[in-house]
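First the structure, then my questions, so here it is.
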Amino acid sequence: MGQAIADVLQSESAERDIADLLTDLTQSRDHPTDGSETAWQPVLSALLGVVRQYVHRRELDEAAGDPSNASVRARILLAIQAGARRPTDIAKTVGSPPTVVSRALRILVEDGDLRGPSTDPNDGRFRIYELSAGDQGSVVPGRNIVEFRSTQTEAARDARSAARVKPAFGLPYVSTLNRVGADRAIDAAVRADSLSAACMVLRSNRALTEARTVAEQISELGDDTGDDFIQAVGLYEIARTTVEDPEGDRANAFDLLTQADALLKGQESNSAAMQRAWILYSKAVFTPTGLSAAVDHLFESRTLFGQTQDRYGESACDMVLARFYAEKLDFSQSLQSARRGFEFADGGNFVRLTAECALWMGSAIRVALLSGVSNHESPVVYLELAERRFGGLGLASWAAIAQSELVLHGRLDAQSLQTFGPENEKLVDACSTIESLAQLVHDLPGASSSWAAASLYRRVGVLCRLSGRFEHAVRWFDLAYRIHETRRDLFGMSIALAGKRSAQHSVFELSMEAMYELPSENGRDTLNQIMKDPALELHMV
């Protein structure tokens with residue numbers, strides 16, 4: 001396998017050769033011929049990630065080598081706006097060969113988007129390009145000024161691809177998407193797709209008010225045309241915007257998702273399958289009925305993503321499955337789902353998904369090592385990757401969760417989780433460090449509605465209670481409960497409430513009294529497992 005990969009990476013292999021290699025690697029990992037699958041799985045997973053990343057970079061290189069590619073021209077305009085005016089500087093910023101950039105610059109000048117070339121007043125050896133007078137007048141803080149020539153379908157596709165790498169990368173496309181969506185001369189399905197892409201970008205960047213406005217435009221377009229597919233897209237976008245608003249009506253949003261799913265059932269187009277996949281994914285993430293229904297939705301969603309070859313969607317499903325299995329304290333299944341999601345996410349350079357899959361992998365491996373399973377790699381590489389990626393995205397609460405995992409891995413061992421109380425120095429030390437992290441997160445804007453913040457607070461509550469600091473524990477459990485209540489997360493409410501009641505009774509371990517008023521059956525099942533092994537409560541994220 002190693003030689004085969006080396007041959008691929010060192011040559012201009014045909015797409016069929018690469019596809020065969022990916023198939024062989026996946027087959028070897030998932031269907032071993034001997035008993036060595038446990039030892040080889042991490043290696044094969046890593047090799048898969050290398051090849052997928054190669055494929056992704058190759059696709060990017062092909063796009064970057066096409067001067068007519070819309071995303072190349074958009075990046076050139078952004079580079080010039082940022083101050084790069086010489087062709088060589090623009091090429092370095094854009095990441096395309098100078099010859100390709102030169103041809104693209106000529107196209108942009110012919111289209112009227114740029115002025116030039118003219119002689120650099122600071123150095124007569126070089127040529128410079130500038131934005132056209134119209135574009136320069138629109139350069140104001142906070143306003144999207146990137147306008148580039150693109151086919152109507154390319155704009156939506158490129159916007160989604162850019163935002164999946166990093167949400168902010170999708171923002172330059174929004175004005176074009178809105179223009180396409182408002183043009184009555186364009187096919188209604190294309191208009192709806194453009195507006196849906198704009199919604200996705202705006203939601204990802206927390207511009208929820210703007211996203212809701214665009215979602216309502218799609219819904220109105222669906223009503224005007226009587227098209228079931230467009231109506232379903234509108235319902236989906238309104239629902240997604242609603243559930244991501246801390247003050248949104250989640251119950252109503254779930255009903256909207258159910259209505260959207262009903263409109264698409266029986267439609268056999270690729271677009272309908274893709275939209276249904278995202279609807280089912282959203283129903284899984286925001287379901288009020290419990291984990292079993294959520295997992296069913298996710299498996300159906302993942303199947304549809306596989307049929308439409310949407311690797312981002314498959315990775316997103318695996319990431320949520322990893323989280324759900326961790327909530328059920330099934331860390332083996334959590335690790336398996338996270339590994340699968342990590343391969344697709346890392347290979348596609350999906351930064352947020354890579355970070356979260358790495359977090360669940362690191363957490364599950366840490367628990368396995370504490371349980372005496374020694375044939376795993378170190379969790380540190382995954383947890384540090386998660387911390388860096390979350391930090392780069394500005395997701396401080398998530399980065400703090402990864403840091404708390406690193407603290408637990410570095411300072412606690414199996415022996416330190418056998419006895420509880422203030423005399424357990426390792427436990428007290430870990431508690432102090434992670435509580436400081438939680439306090440920093442608590443002071444940040446947006447923490448009062450963050451699932452990651454609630455999980456971190458609950459973890460601090462557990463550490464405080466196990467260390468004998470019961471009053472502190474009550475405070476942190478209460479903070480976690482309030483966030484879960486705001487999000488209508490019955491499972492999170494149950495776990496936080498059980499921890500709080502036990503702290504109020506000044507007992508280290510969960511007490512039976514904590515079970516009586518829980519709002520979630522899944523919460524009771526999980527807590528029954530914790531009562532058999534108290535350390536599991538600490539391991540939950």
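Can you confirm whether Gly290 is surrounded by 15 or more Cβ atoms within 10 Å (Cβ to Cβ) and either in contact with an Asp or Glu (Cβ under 8 Å, 6 or more places away or on another chain) or at pLDDT below 90 (or both)?
Here the answer is yes, as Gly290 does meet what is asked.
State all residues of region 16-38 that are under 19 Å from Gln309 (Cβ atoms) and modelled with pLDDT under 70; if no residue qualifies, say none.
Within region 16-38, Arg16, Asp30 qualify.
Right, here's the next one. Quick test for you: out of Thr241, Thr209, Thr176, pick the one residue that is under 28 Å from Ala453 (Cβ atoms), outside the structural domain of Ala345 (by TED's automatic domain parsing), of a type in the set (S, T, N, Q) and buried (at least 19 other Cβ atoms within 10 Å of the Cβ).
When all the criteria are applied, what remains is Thr241.
Before we move on, is Ala198 more than 25 Å from Leu171 (Cβ to Cβ) and in the same structural domain as Ala163 (by TED's automatic domain parsing)?
When the stated conditions are applied, Ala198 does not pass them.
Go through (1) of a type in the set (Gly, Ala, Ser); (2) under 25 Å from the mean Cα position of the chain (by Cα); (3) at positive phi for Ser448 and report which single condition fails.
If we test Ser448 against (1) of a type in the set (Gly, Ala, Ser); (2) under 25 Å from the mean Cα position of the chain (by Cα); (3) at positive phi, just (3) comes out false.
Quick check on region 437-444. Is at least one of its residues surrounded by fewer than 16 Cβ atoms within 10 Å (Cβ to Cβ), assigned to a loop (DSSP other than H, G, I, E, B) and under 28 Å from the mean Cα position of the chain (by Cα)?
So far as region 437-444 goes, yes, one or more of its residues are surrounded by fewer than 16 Cβ atoms within 10 Å (Cβ to Cβ), assigned to a loop (DSSP other than H, G, I, E, B) and under 28 Å from the mean Cα position of the chain (by Cα).
Got a sec? Which of Leu497, Leu463, Leu444 is modelled with pLDDT of 90 or more, of a type in the set (A, V, I, L, M, F, W, C) and not assigned by TED's automatic domain parsing to the domain that holds Glu387?
Leu463
So, in region 78-120, exactly how many residues are assigned to a helix (DSSP H, G or I) and without any contact (Cβ under 8 Å) to a residue 60 or more places away in the chain?
Qualifying residue count, region 78-120: 23.
Given the criteria free of Cβ contacts under 8 Å to residues at least 40 places away in the same chain, small (Gly, Ala, Ser) and over 24 Å from Asp261 (Cα atoms), does Ala185 qualify?
yes
Need the failing condition index for Gly461 against (1) surrounded by 23 or more Cβ atoms within 10 Å (Cβ to Cβ); (2) not in a helix (DSSP H, G or I), just the number.
Of the numbered conditions (1) surrounded by 23 or more Cβ atoms within 10 Å (Cβ to Cβ); (2) not in a helix (DSSP H, G or I), the odd one out for Gly461 is (2).
Now for a separate question. Could you list, in sequence order, all residues of region 473-511 that are closer than 21 Å to Gln529 by Cα and in a loop (DSSP other than H, G, I, E, B)?
Asp489, His505, Ser506, Val507, Phe508, Glu509, Leu510, Ser511 - these are the residues of region 473-511 that are closer than 21 Å to Gln529 by Cα and in a loop (DSSP other than H, G, I, E, B).
Here is a further query. Look at Gly226 and say whether it is out of contact with any helix residue (DSSP H, G or I) (no Cβ under 9 Å at 6 or more places or on another chain) and either free of Cβ contacts under 8 Å to residues at least 24 places away in the same chain or not small (Gly, Ala, Ser) (or both).
Spelling it out, Gly226 is indeed out of contact with any helix residue (DSSP H, G or I) (no Cβ under 9 Å at 6 or more places or on another chain) and either free of Cβ contacts under 8 Å to residues at least 24 places away in the same chain or not small (Gly, Ala, Ser) (or both).
Can you tell me which residues in region 421-470 are in contact (Cβ under 8 Å) with a residue 24 or more places away in the chain and of a type in the set (Asp, Glu)?
Glu435
For (1) crowded, with 24+ Cβ neighbours inside 10 Å; (2) assigned by TED's automatic domain parsing to the domain that holds Leu527; (3) of a type outside the set (Val, Ile, Thr); (4) closer than 24 Å to Thr287 by Cα, each residue gets a yes or a no:
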residue	(1), (2), (3), (4)
Ser315	yes, no, yes, yes
Ala355	yes, no, yes, yes
Ala368	no, no, yes, no
Phe390	yes, no, yes, no
Ala402	yes, no, yes, no
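Among what's in region 370-388 and is assigned to a helix (DSSP H, G or I) and not β-branched (Val, Ile, Thr), pick the residue that is surrounded by the fewest Cβ atoms within 10 Å (Cβ to Cβ).
That would be Arg388.
While we're here: Could you grab the pairs with beta carbons closer than 7 Å, sequence gap of 6+ or different chains, first residue in region 390-419 and closer than 24 Å to Ala368 by Cα, second one among the hydroxyl-bearing types (Ser, Thr, Tyr) and part of a helix (DSSP H, G or I)?
Ile401/Ser455; Glu405/Ser363; Val407/Thr433
The values are calculated or read from the model by the stated rules, or taken from the named source; none is laboratory data. Note that the structure is predicted; figures quoted are calculated from it, not measured. Counting neighbours? That spans all protein chains shown, and the Cβs are built from the backbone with ideal geometry, glycine included.
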